[in-house]
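The values are calculated or read from the model by the stated rules, or taken from the named source; none is laboratory data. Worth saying up front: this structure is predicted, and the values here are computed from it rather than measured. Every residue, glycine among them, receives a Cβ derived from its backbone with ideal geometry; neighbour counts consider all protein chains shown. To get the accessible areas, we keep the full protein, side chains included, count just its heavy atoms, and leave off ligands, DNA and RNA. Shrake-Rupley method; radii C 1.70, N 1.55, O 1.52, S 1.80 Å.
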Amino acid sequence: MPLDRLAFQGLRNLQALELSPGPRINLFIGDNGTGKTSLLEGIHVLGMGRSFRTRQLRHAIAHEEDGVTLHGRLSGEPPLPIGVRRRRDSDELEMRLAGGRVGRVSQLVETLPLQLINPDAFRLLEGSPAGRREFLDWGVFHVKHDFLDAWKRFRRALKHRNALLRHGRMSDASMGAWERELTHWGARLDELRRAWIDAFLPVFQETLEGLIALPGLQLRYARGWDRKRQLADVLEQSRETDRQMGFTQQGPQRADLGIRLGRRPAIEILSRGQQKLVVSALKLAQGRLLERLTGRSCVYLIDDLPAELDGEHRRVFCEWLAHMRCQAFITSVDPNALTGSWDVDTPVSMFHVKHTEAGQGQLLPMDRQTS
């Protein structure tokens, strides 16, 4: 379901706004520093309970405000309101769905599936395995209903085993009990991840080929421990070295997605523009798979779409968004960079984000440019 209403108050330099976005492409044009990325940030907080720009949400509160309040509404019969509030003097994130309080961020994530394509998305290629695990687990969470329970139980067992390792004097009975838990839920996590990867790979390959020709690019799942050994044996045999390190060195918590071109990591070979298209293919394919398996669509947040892409690849990217019939919020500094990127049958809502005399970002509707 697309968002049909947004209302933000107290978010960074953005003037308080009420917006009725279009169901398909929403394009925000403006100079640097006007608040375009802040608009995407607000939607991200609605769907993820956190910002992609700061670890502490209080840092996103405008200087003169006591807090930030974000409201959205998903279209449907009936429409579904969603809201988030964070006060400056509180550490609590207040979350609401359909007018009622909710206590788990996972409820927001499930309600408003988001895909973010911004400069941080390059971490899928160049960053640590943690970012790729998060990408992987987001996909599994949305299509495998028992994933969250398995993940929580695994993390609990891992926490207790690590505590025993750091304690120094290990009880074999206690260690054995938590290792059995760790083995059981670790195997379940691996099973769920593998099933998702098997479904994801052909969708990713099709999406990548639609964006750019990169023969030889491969995506490989590594489960986090020796593929020829059982996790129970790995844990038992590594107790001493794990005790010396103070943590469990092998298991699903070390899983990764290897992205290679031929025999080398893709990041070592691809240009910046090619990297952006690979990352975009990963994100678009994840959303396409979600829709294929569940019938639910993602909302796409794309910060500075034209950056690193030439005119032809911008056009191809935009054609994919039109083909997917999804809702997207896209920013650009250059008002002409995306002109003519969508045909006249694709609904495009355009907005100008500009500075007011008070230095705030103000949102104004624009007429669509089709030439």
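Observations on the structure shown:
- Residue within the range 176-187 that is buried (at least 16 other Cβ atoms within 10 Å of the Cβ), within 24 Å of Leu293 (Cα to Cα) and within 20 Å of the chain's Cα centre (by Cα) present: no
- Among the candidates Val353, Val344, Val279, Val299, residue that is open to solvent by 10 Å² or more (accessible area, probe 1.4 Å) and hydrophobic (A, V, I, L, M, F, W, C): Val344
- Residue list for the range 90-124, filter: open to solvent by less than 50 Å² (accessible area, probe 1.4 Å), outside any helix (DSSP H, G or I) and among the aliphatic types (A, V, I, L, M): Leu93, Met95, Leu97, Val102, Leu112, Leu114, Leu116, Ile117
Here is a yes/no grid of residues against (1) closer than 26 Å to Asp198 by Cα; (2) of a type outside the set (D, E, K, R); (3) in a helix (DSSP H, G or I); (4) in contact with a Phe, Trp or Tyr (Cβ under 7 Å, 6 or more places away or on another chain):
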position	(1), (2), (3), (4)
Leu277	yes, yes, yes, no
Ala285	yes, yes, yes, yes
Arg288	yes, no, yes, no
Leu293	yes, yes, yes, no
Arg296	yes, no, no, no
Ala307	no, yes, no, no
Gly340	no, yes, no, no
Lys354	no, no, no, no
Pro365	no, yes, no, yes
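- The numbered conditions (1) over 19 Å from the mean Cα position of the chain (by Cα); (2) assigned to a helix (DSSP H, G or I) are all true for Phe317 except (1).
- Only one of the listed residues (Gly176, Gly216) is under 27 Å from Ile267 (Cβ atoms) and among the small types (Gly, Ala, Ser). That residue is Gly216.
- Residue match in the range 39-49 (condition: among the aliphatic types (A, V, I, L, M), open to solvent by 10 Å² or more (accessible area, probe 1.4 Å), within 21 Å of Pro113 (Cα to Cα) and touching a residue at least 12 places away in the same chain (Cβ under 8 Å)): yes
- Residue in the range 207-224 that is modelled with pLDDT of 95 or more and part of a loop (DSSP other than H, G, I, E, B) present: yes
- Of all the numbered requirements in (1) crowded, with 21+ Cβ neighbours inside 10 Å; (2) at pLDDT 90 or above, Glu308 misses one, and that requirement is (1).
- Whichever residue in the range 326-341 is surrounded by 12 or more Cβ atoms within 10 Å (Cβ to Cβ) and of a type in the set (S, T, N, Q) and, among such residues, is modelled with the lowest pLDDT: Thr339
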